[in-house]
Amino acid sequence: MLETQFENERNDQRAVFQLVSPFAPMGDQPEAIDAIVEGFQKGASRAILRGVTGSGKTFTMANVIARFGRPTLVISHNKTLAAQLYAELKAFFPENAVEYFISYYDYYQPEAYLPQTDTYIEKDASINEDLERFRLAASHALLGRKDVILVASVSCIYGLVSPEDYRGLMISLHEGDEISRETLMEQLTEIQYQRNDYEPKPGVFRVRGDVLDIFPSYSTEGIRVAFFGDEIESLKTIHATTGKVTGSLPSCLISPAKQFVMPKSQINTGVERIKQELVQRLNDLDKDGKLLEAQRLRQRTEYDLAMLAEMGYCTGIENYSAPLAGRGPGVPPPTLVDYFGNDFLCIIDESHVTLPQIRAMHNGDQSRKQVLVDNGFRLPSAKDNRPLTFDEFDERVPRILYTSATPGPHERAVATIEAEQVIRPTGLLDPVIEIRPLANQVDDVIEEIRANTARGGRTLVAALTKRSCEDLSQYLIDIGIRSEYLHSDIDAIERVEILGRLRRGNVDALIGVNLLREGLDLPEVTRVILLDADKEGFLRSETALIQTAGRCARNVDGRVILYADQKTPAIEALLAVTNAHRTKQAAYNEAHGIQPQSIVRPINEDLSDPAKKAQRNKQSKPKLDAASLLAVAEAGVATEEIVRAMQALEAEMREAAEALEFERAALLRDELRMLRKHLQ
């Protein structure tokens, strides 16, 4: 929903969070919640929630957020887990602003230069429009209200426009305001909205007489501004596709269409700073005899300056963020963290993985950019468009709750509060661990998957490499087992869809490498299988084994199978931890008369746009050419199936044409003609 109120004062950060759940805290959750909230209220800045898988850490987090009453930033180490947390917290807090902020690239190749081979790699990226809308909605919510819970990946430590500049660019509209239609159009253009009278999509506006329709980049709804002369007569929300009015607004805020947007006066000042830096840098390169680098830098920078002066934007504008904002060398950039003010709660989920990611971001970024600067591809100030260092991030966050079943050394060193959750509200014990020999492990896995599927369970299989993961999945498909694979090359939204298909029973086995670990909430999984469990290393460390084994801890029939010929120290540690937990959990169940029960959790809707999801589903099915389709049509395939296949072929034909793959588009066109003749 579009926000209708903008709060300038954020001194009192207390917010009202309405936690909606049919359950109350159980087991050792109440003690953990009390310890964390009371500790923060007394001034503690760092706390640990150490909880086993399935103990309800997310529910504990939700209760801490509701009771502590501060804007909350939840940071996750991967997009899949972030999407799951977002869905769960949105269900817990339906009346509050629960937002989602992850990298909006489906594919991202950063700009780089390889001096050894004189190879320049241009930045190449594919932006996911859905994720971009989520990011912009997050910025919009943070500047407009206090009751915000924002789930983010570690991309939240990368530089953004400062919240002050972003707020200054927001357009505030009220019924009765004196403003001409032309003035509003100029303001929208200045914050990177484009006029498009034909296609209503995020980030555009259209004009029809005295009515101006705005389609904000952060919302699925549009805003209809009706004018009477130079006065706003009414503000209404509209359906983006049909244009039908869905509600009325007394006022509204319009945020910029892009995240890297600045006031024109600031751009003009920044352009002068860039020119001065360019002159200085060219002199330095000339003195060093780097004439080629100097010429390269001059051409690239002058082109970008011309674009900035004319359009207020250029490709790679983020590389000029420091001079545009007036920041000196080495000064850290503003990030999403700065949008929270100085009194908020940060929860770092699966901290043993997330903190090392935050720590590693800065050095890798600087190494790549230093090469670009040395070889005349970027000005030195480009290095100041960077992620925060670990220390910069740590000092900006007033209080942090680390959550993990296996906290790392940093968390244990700095936390003054440690709450433990070993008892599961459902009475479930840690899963039984079984060790089997490596010989014929694939054949044994096949039989185990079939037997588990016959019982109505799902299976996770952890391999060691992406290639083996893909090959095993295809082999299982070839022998009639419904299988899919999951690894880092699959985009965030598709990962959520794959997990949804597993939960719904459309997939029997999911093969993964390192994503089948922290935080995945899959109550239907009853078998977790680890191939080559005695191959010591990161993927088979103590932490990795404990986390992976926990994926079947939400089902009463959960069991873990390790294929190993020897017990490594990591396996021994897994057995020791599991046995200790089972002893404590069994004693609690017996004392309280609890019968273990599997967790039952509804399957949340996917993050993707329904139309795009449907299109992806069509494309994911085995494709038939027209001849094959006609052959099965003669055997009695329903006309509706042929029509659906034609629609999929037509969509694929259009995509091929847009990608300039005209030969493939022509072949698809001919196939469509064959199908149309058959129907006629």
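Taking amide H positions as placed 1.01 Å from N in the peptide plane, with prolines and chain starts having none, which residues 5 or more places from Val204, or on another chain, fall under 5 Å of its amide H?
Gln194, Phe215
Beyond 18 Å between alpha-carbons counts as too far, so tell me which of Lys57/Lys90; Lys90/Lys146; Lys123/Lys275 fall in that bin. Mind showing how you got there, number by number?
Values: Lys57/Lys90 15 Å; Lys90/Lys146 16 Å; Lys123/Lys275 23 Å.
Where the Cα-Cα span goes over 18 Å, the pairs concerned are Lys123/Lys275.
Can you work out the accessible area per residue across segment 13-90, with the rest of the protein chains kept in place, probe 1.4 Å, in square angstrom? Write down the numbers at each step before the final one.
Numbers: 2580 Å² over 78 residues.
Computed with neighbouring chains in place, this is 33 Å² per residue.
I'd like the accessible area for Val442, computed on protein heavy atoms only with a 1.4 Å probe and all protein chains in place. Round to 10 Å², please.
Rounded to the nearest 10, that gives 60 Å².
Just subtract the alpha-carbon distance of Leu291 and Asn440 from 0.36 nm times their residue separation and send over the number in nm, one decimal.
47.3 nm
Suppose R0 equals 45 Å. What FRET efficiency, 1/(1 + (r/R0)^6) with r the Cβ-Cβ distance, do Val279 and Gln116 give to the nearest 0.05? Mind showing how you got there, number by number?
Working: r = 30 Å, r/R0 = 0.68.
Result of the calculation: an efficiency of 0.90.
Please work out the FRET efficiency for the pair Glu233 and Glu129, using the Cβ-Cβ distance as r and a Förster radius of 35 Å; give the result to the nearest 0.05. Could the numbers behind the result be given before it?
Details: r = 32 Å, r/R0 = 0.91.
Efficiency, from the Cβ-Cβ distance: 0.65.
Using the Cα centre of the chain as origin and beta-carbon charges of +1 (Lys, Arg) and -1 (Asp, Glu), tell me which of Asn96, Ala405, Thr242 is placed farthest towards the positive end of the dipole.
Highest projection toward the positive end goes to Ala405.
Highest mean first, what order results for 475-481, 568-574 on Cβ atoms within 10 Å? Provide the component values of the computation, followed by the final result.
Values: 475-481: 13.6, 568-574: 17.1.
So the peptides 475-481, 568-574, ranked by packing, come out 568-574, 475-481.
Determine, for each peptide in 332-339, 361-368, 90-97, 116-123, the mean count of other beta carbons within 10 angstrom over its residues, then list the peptides with the highest first. Provide the component values of the computation, followed by the final result.
Values: 332-339: 20.6, 361-368: 14.4, 90-97: 18.1, 116-123: 9.5.
Those peptides, ordered most packed to least, come out 332-339, 90-97, 361-368, 116-123.
In debye to the nearest 20, how big a dipole does the chain give about its Cα centre with +1 on each Lys and Arg Cβ and -1 on each Asp and Glu Cβ? Can you show the working numbers first?
Details: 80 positive and 101 negative charges, 169 e Å.
That gives a dipole near 820 debye.
Whenever you get a sec, compute what percent of the accessible area on the chain sits on carbon and sulfur atoms (1.4 Å probe). Please report the intermediate quantities before stating the final value.
Details: 15330 of 30610 Å².
Roughly 50 percent of what the probe reaches on the chain is carbon or sulfur.
Is there a pair in Lys201/Lys236; Lys201/Lys258; Lys535/Lys567; Lys258/Lys369; Lys290/Lys383; Lys201/Lys264 whose C-alpha atoms are over 22 Å apart, and which pairs would that be? Provide the component values of the computation, followed by the final result.
Values: Lys201/Lys236 17 Å; Lys201/Lys258 14 Å; Lys535/Lys567 10 Å; Lys258/Lys369 24 Å; Lys290/Lys383 20 Å; Lys201/Lys264 25 Å.
Check vs 22 Å cut-off fails for Lys258/Lys369; Lys201/Lys264.
Under the Karplus relation 6.51 cos²θ - 1.76 cosθ + 1.60, θ = phi - 60°, what is the ordered set of whole-Hz ³J(HN,Hα) values for segment 199-215, x standing for Gly and Pro?
Per residue, the Karplus-derived 3J(HN,Hα) values read 10, x, 9, x, x, 10, 9, 9, 10, 9, x, 8, 10, 10, 9, 10, 10 Hz.
Return the calculated 222 nm mean residue ellipticity for the chain, to the nearest 500 deg cm²/dmol, obtained by summing -39500 (n - 2.57) across DSSP H runs with n ≥ 4 and dividing by the residue count. Each step should come with its number before you reach the end.
Numbers: 21 runs with 289 residues, N = 680.
My calculation for the chain gives -13500 deg cm²/dmol from helical runs alone.
With +1 on the Cβ of every Lys and Arg and -1 on the Cβ of every Asp and Glu, and nothing else charged, how large is the dipole of segment 194-306 about its Cα centre, in debye rounded to the nearest 20? Numbers along the way, then the final one.
On the way: 17 positive and 16 negative charges, 57 e Å.
I would put it at about 280 debye.
The values are calculated or read from the model by the stated rules, or taken from the named source; none is laboratory data. Predicted model, so just to flag it, every value in this text is computed and none were measured. Positions of Cβ are backbone-derived with ideal geometry, glycine not excepted, and every protein chain shown enters the neighbour counts. The area values use the complete protein model at the heavy-atom level, side chains included, leaving out ligands, DNA and RNA. Shrake-Rupley method; radii C 1.70, N 1.55, O 1.52, S 1.80 Å.
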